[in-house]
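Notes follow the structure.
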Amino acid sequence: AVIPVAIAGAPYEVRIEAGLLAQAGEHCRPFLRKDRAVVITDENVAGHWREAVTASFDRVGVASDWLVLPAGESTKSWEQLARVSDWLLEREVERKDCIVALGGGVIGDLTGFAAAILKRGCGFIQIPTTLLAQVDSSVGGKTAINTPAGKNLVGAFHQPVLVLADPLALDTLPLRDVRAGYAEVVKYGLIDDAPFFQWCEANGAKLLAGNHAAREYAIAHSVAAKARIVAADEKETAGVRALLNLGHTFGHALEAETGFGDRLLHGEGVALGMVLAARFSARQGLMSGQDAGRVSAHIASVGLPASLPALGLGCDGRRLADHMLHDKKMDAGMLPFLLMRGIGETFLAKNVDLADVAAFLDEELVRA
Ligand code: NAD
Ligand code: ZN
């Protein structure tokens, strides 16, 4: 599939097809100014895919120059940003050049930010290799690094010129990461697409078990949804793009409480966050208990966390709610919250009382 992203002034395509990684060279070639490509990746991705990608560049007469960074969230740092920038400058990369980001969301966010500021902005190509990056972070132009003050607090909007998503890349991705990315797939169904949530209920297990057709379909459907949302609201000013944060306010609090690491991956936090958003919506009388039950049943059925006690947090609801206050999405003291009227009927509730959220979380923390 080829999905256009209709950003005013900077439109681009997301190509989704099995085998794209092994043909990366020919797809990137038209965007390169010279017979040389600079590729930023991490050590895990390089271990599995460097050879095939290098060969694809060689076949079209392009020499590839690689910067292989450590894997992991801590790579989205000032230190690595400086390293990437200096490396690119040493190679005399110009505004008209295109950098290739090959990896998950960490590499995409860091490389995209480096591209945004190098010579005040050069081009970059996203080749996402995790499900999360394919369905979410590689599309839409949000780039960032983390700082001691928090995650993604320094960054820029900078759109790629091309995105290549190869479902076969996921063959080497650990199942836990595939699952975490799958949470963001389910999110698109819950936001505004009940038939797609139904598709997930029927096909989620197959997708996680490695079925290529299911993976390709889910990626294409998710990218189309993301493309539609970011085209409508590129800079998150119209209240549309904010819908993509469904499950993220709860999820972010859980990530903060567990230290933003391996204990709870981002997608795992989002999965549980969506269950909590559904249950909180039901508690507020907005959504039926039956619909909320469908959300938690599906999340649990694919092996993602669906209830709080399983995390063994040892904190109370107030403490979790306090993490939400530090979320950068907080607006003038009000807590904007994405709630649901039903499956596929997410909306932005502007003024949710934090005390209600804390009381709800206290109940959830002891729920069997
Ligand atoms: P990641 O980039 O750390 O990748 C997860 C792990 O998988 C890493 O260990 C990586 O080395 C490994 N890996 C990647 N591809 C592989 C492959 N094909 N085979 C084997 N191993 C592979 O994490 P992620 O989950 O892709 O992304 C998380 C990041 O994305 C976070 O920093 C988050 O803030 C960011 N994010 C950004 C946006 C956005 O709009 N820009 C949206 C959502 C998330
Ligand atoms: Zn997310």
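The values are calculated or read from the model by the stated rules, or taken from the named source; none is laboratory data. This one's a predicted model, so the numbers in the text were calculated from it and none came from an experiment. Please note: Cβ atoms are built from the backbone with ideal geometry, for glycine as well, and neighbour counts cover all protein chains shown.
A few points about this structure:
- The number of residues in region 3-57 being crowded, with 21+ Cβ neighbours inside 10 Å, of a type in the set (Val, Ile, Thr) and in a helix (DSSP H, G or I) comes to 2.
- Elements of type helices (runs of 4 or more DSSP H) in region 226-309, at least 2 residues being more than 14 Å from ligand 2 (Cβ to nearest atom) and of a type outside the set (D, E, K, R): 266-283, 289-301
- Condition met for residue 82 (of a type outside the set (Val, Ile, Thr), within 18 Å of residue 38 (Cβ to Cβ) and surrounded by fewer than 16 Cβ atoms within 10 Å (Cβ to Cβ)): yes
- Residue in region 3-10 that is at negative phi and without any contact (Cβ under 8 Å) to a residue 12 or more places away in the chain present: no
- Count of region 230-241 residues which are of a type in the set (Val, Ile, Thr) and under 14 Å from the mean Cα position of the chain (by Cα): 1
For (1) within 16 Å of ligand 1 (Cβ to nearest atom); (2) at pLDDT 95 or above; (3) aromatic (Phe, Trp, Tyr); (4) farther than 19 Å from residue 298 by Cβ, each residue gets a yes or a no:
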site: 211; (1), (2), (3), (4): no, yes, no, no
site: 216; (1), (2), (3), (4): yes, yes, no, yes
site: 226; (1), (2), (3), (4): yes, yes, no, yes
site: 238; (1), (2), (3), (4): no, no, no, yes
site: 249; (1), (2), (3), (4): yes, no, no, yes
site: 265; (1), (2), (3), (4): yes, yes, no, no
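- The set of residues in region 107-157 being buried (at least 21 other Cβ atoms within 10 Å of the Cβ) and polar (S, T, N, Q) consists of 111, 126, 129, 130, 134, 137, 138, 143, 146.
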